[in-house]
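Q: My questions will all concern the structure given below.
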Amino acid sequence: GNSVTQMEGPVTLSEEAFLTINCTYTATGYPSLFWYVQYPGEGLQLLLKATKADDKGSNKGFEATYRKETTSFHLEKGSVQVSDSAVYFCALMWDDYKLSFGAGTTVTVRA
Amino acid sequence: NAGVTQTPKFQVLKTGQSMTLQCAQDMNHEYMSWYRQDPGMGLRLIHYSVGAGITDQGEVPNGYNVSRSTTEDFPLRLLSAAPSQTSVYFCATTGETGELFFGEGSRLTVL
């Protein structure tokens, strides 16, 4: 089946630290891959996406590269801020807009 | 420009009661879906609709009904609430590029 496994949290970092959240997937075919972010008390919103192998998605200083050979889509940011504190979800899209989500990783950035 | 609006934001039910979570969108998207979010499990698809008059089951449909009489509205009905349905529920629409647009969520507690 189609599924996503992402690094369990919680993750606590200091401001300006490097953040990486691992995400691997299992899928038939070539799904699109997404990272969604959920700030406290809000719904999820799209952070970035990649639709084919070797694509790099980027937004707000975050990046993730679609690696078909390792079936991975790891999220990275070089220097986090307190405002990056949120829950991050990796997801893959299959079969006409259906999404499978990872369990989510809670990230807390301390000043 | 409301996007996706869910009501109510909070609800407490007793076991066996029924209720409807409302979802309305003004984005003119055909595809709508309902997810539930539980700790450590990410988001799981309950039901979805590819257009008015068409609905289908997702990953965890038991205990829930949906209907789609208009493009704008996609209510989720709990027929006889159970404690296992305590969760946060998100309604979403899907844009042409596959991006999901989420409502702010409805937190349901079943006692």
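Q: How far apart, in nanometres, would the label points at residue B:17 and residue B:54 be if each is projected 7 angstrom from Cα along the Cα-to-Cβ direction?
A: 3.6
Q: Please compute the Kirkwood hydrodynamic radius over chain A, one decimal place, Å, based on all pairs of different Cα atoms. Present the calculation step by step, with values, prior to reporting the outcome.
A: Values: mean 1/r = 0.0719 Å⁻¹.
That comes to 13.9 Å for chain A.
Q: Taking only the alpha-carbon atoms of the protein assembly as shown, what semi-axes of the equivalent ellipsoid follow from 5 times the gyration tensor eigenvalues under a square root, in whole Å, largest first?
A: Ellipsoid half-lengths, sorted descending, are 30, 20, 16 Å.
Q: Here's another thing I want to ask about it. Return, ordered by residue number, the residues of region B:32-60 whose backbone nitrogen is under 15 Å from a label point located 7 Å along Cα→Cβ of residue B:69.
A: B:52-54
Q: Would you mind counting up the charge near residue A:77? Only other residues with Cβ under 13 Å from its Cβ, with Lys and Arg at +1 and Asp and Glu at -1.
A: In short, -4.
Q: What is the magnitude of the charge dipole of chain A about its Cα centre, with +1 placed on the Cβ of each Lys and Arg, -1 on the Cβ of each Asp and Glu, and no other charges, expressed in debye to the nearest 20?
A: 120
Q: Restricting the count to DSSP beta bridges whose residues both fall in chain B, what percent are antiparallel, rounded to a multiple of 5?
A: Numbers: 34 of 38 bridges.
Around 90 percent of the beta bridges assigned by DSSP in chain B are antiparallel ones.
Q: Something else now. On average, how many beta carbons from a partner chain sit within 10 Å of the beta carbon of a residue in A:44-53?
A: 3
Q: May I pose another question? Could you tell me the center-to-center distance, by alpha carbons, between region B:32-111 and region A:37-77 in angstrom?
A: 24
Q: Where Rh is the Kirkwood radius over the Cα pairs of chain B, the temperature 37 °C and the viscosity 0.692 mPa s, what D in µm²/s does Stokes-Einstein return?
A: For these conditions, the coefficient is 237 µm²/s.
Q: On to the next question. What does the convex hull of the Cα atoms of region A:58-111 come to per residue, in Å³, rounded to a whole number? Before the final figure, lay out each step's value.
A: Working: hull volume 5.6 nm³, N = 54.
With only Cα atoms used, region A:58-111 gives 103 Å³ per residue.
Q: Can you give the local net charge around residue B:9? Use residues other than it whose beta-carbon is closer than 12 angstrom to its beta-carbon, Lys and Arg +1, Asp and Glu -1.
A: -1
Taken together, the values in this text are just the output of simple stated rules run on the coordinates, not laboratory data. Quick caveat: nothing in here was measured; it's all calculated off a predicted structure. Please note: Cβ atoms are built from the backbone with ideal geometry, for glycine as well, and neighbour counts cover all protein chains shown.
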